[in-house]
Amino acid sequence: MTVEPGTRVLKANEEAIKAVAACLAAGGLVAFPTETVYGLGADARHGEAVARLYAAKGRPSFNPLIAHVADAEAARGLARFDAAADKLAAAFWPGPLTLVLPKRPDCGVADLALAGLDSGAVRVTAHQIAPALRAAFNGPVVAPSANRSGHVSPTSAAHVLADLRGRIDMVIDAGPCAVGVESTIVACLGEPSLLRPGGLPREAIERVLGQPLAIAPIADDAPLAPGMLSSHYAPKARLRLDAEAAGADEALLAFGPTPSASVTLNLSPRGDLIEAAANLFSHLRALDALGAQRIAVMKVPHEGLGEAINDRLARAAAPEAGVSK
Ligand code: TXA
Ligand code: MG
């Protein structure tokens with residue numbers, strides 16, 4: 001299948017779901033909403049489609065992809081679950097949790113999608129269109145976030161189009177994503193460990209496991225979750241974190257009750273971390289669109305979803321390798 005010059009934008013309905021399934025089966029690329037962020041999907045077993053997906057994102061091909069599956073049973077066909085993985089899948093799927101597990105040799109997922117690793121990432125999403133999509137396309141779909149590599153993740157169809165218009169076949173528009181930050185990634189390859197804080201708070205995972213999660217050491221040159229390069233989530237503006245107020249040349253990204261005259265955008269005027277996560281990427285994009293050169297970001301509490309928000313803010317503030325911002 002060749003990419004059409006334009007990207008079709010489809011409202012989420014029965015006909016759209018059928019068109020998406022046919023497109024995936026033909027090796028096409030389709031962006032669709034999940035509860036966390038919009039994903040860019042391709043048939044996980046179709047090596048050429050996976051290659052096109054990397055090309056569309058401009059993603060380094062060593063970066064492995066998450067396979068979206070229908071349920072825990074389908075995931076068991078791709079990867080081996082230990083006791084911790086069993087507990088987590090039972091407690092949190094469908095939901096914003098990705099598990100990294102030993103892959104089965106016969107899993108059928110294209111080698112390129114796994115970037116040559118012995119492990120694979122699997123996830124069962126909770127979005128309202130997910131069951132219909134899964135019924136229409138029967139098989140694993142690899143889906144990284146539907147942004148150009150190095151940009152912030154999209155939480156609306158408009159964000160997807162801003163990055164990928166003309167590079168992908170279609171996008172399903174079902175409005176903004178409820179969670180707004182990517183899934184939490186936990187590796188169950190021994191002691192369960194947190195590879196990426198995300199939409200499922202660490203505390204909830206630790207309660208189910210009855211033990212603290214190890215934090216996987218992530219180094220930029222040999223990262224276990226390669227998407228965790230320190231400057232991965234990058235708006236164009238330079239960010240100053242933990243600010244109390246904006247300087248003369250800065251836009252203010254606020255959190256909590258703040259005198260409105262000083263605020264450019266507020267992640268959550270009432271200080272709610274769930275609302276702040278849902279607004280994070282769209283506010284960063286909006287500040288870029290306003291042409292802000294410098295953004296002062298107020299402190300966000302480091303609990304619950306605050307861990308994922310602070311992680312993304314720290315990456316957004318990190319200078320890109322070789323690029324001065
Ligand atoms: O919320 C999400 O997880 C979204 C939605 C679309 O599902 N997807 C997403 O995918 O954030 P992506 O590709 O942008 O981030 C997936 C992360 C990357 O950092 C990747 O390196 C890591 O998962 N990953 C995938 N397979 C891995 C593996 N076998 N071992 C370690 N990290 C892995
Ligand atoms: Mg991503």
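For (1) more than 20 Å from A25 (Cβ to Cβ); (2) β-branched (V, I, T); (3) within 11 Å of ligand 1 (Cβ to nearest atom), each residue gets a yes or a no:
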residue: G120; (1), (2), (3): yes, no, yes
residue: V124; (1), (2), (3): yes, yes, yes
residue: I129; (1), (2), (3): no, yes, no
residue: L133; (1), (2), (3): no, no, no
residue: A143; (1), (2), (3): no, no, yes
residue: A146; (1), (2), (3): no, no, yes
residue: H159; (1), (2), (3): yes, no, no
residue: R165; (1), (2), (3): yes, no, no
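Within region 122-181, the set of residues being of a type in the set (G, A, S) and within 13 Å of ligand 2 (Cβ to nearest atom) comprises A143, S145, A146, S149, G150, S153. In this structure, E35 does satisfy being touching a Cys at 6+ places or on another chain (Cβ under 7 Å) and either under 26 Å from Q211 (Cα atoms) or within 16 Å of ligand 2 (Cβ to nearest atom) (or both).
If you filter region 180-197 down to residues that are near ligand 1 (Cβ under 8 Å from one of its atoms) and at pLDDT 95 or above, you find that the one that is nearest to P102 (Cα to Cα) is A187.
Restricting attention to region 32-51, the residues being near ligand 1 (Cβ under 9 Å from one of its atoms), more than 16 Å from P94 (Cα to Cα) and among the aliphatic types (A, V, I, L, M) number 1.
Pairs are defined by a Cβ separation below 9 Å, a sequence spacing of at least 6 or placement on different chains, a first member in region 36-59 that is farther than 18 Å from A22 by Cβ and at pLDDT 95 or above, and a second member that is part of a helix (DSSP H, G or I) and not hydroxyl-bearing (S, T, Y); the pairs so defined are V37/H159; V37/F281; Y38/A157; Y38/H159; Y38/V160.
The values are calculated or read from the model by the stated rules, or taken from the named source; none is laboratory data. Just so you know, these numbers come straight off a predicted model, no measurement behind them. So basically every Cβ, Gly included, is an ideal-geometry build from the backbone, and we count neighbours across all protein chains shown.
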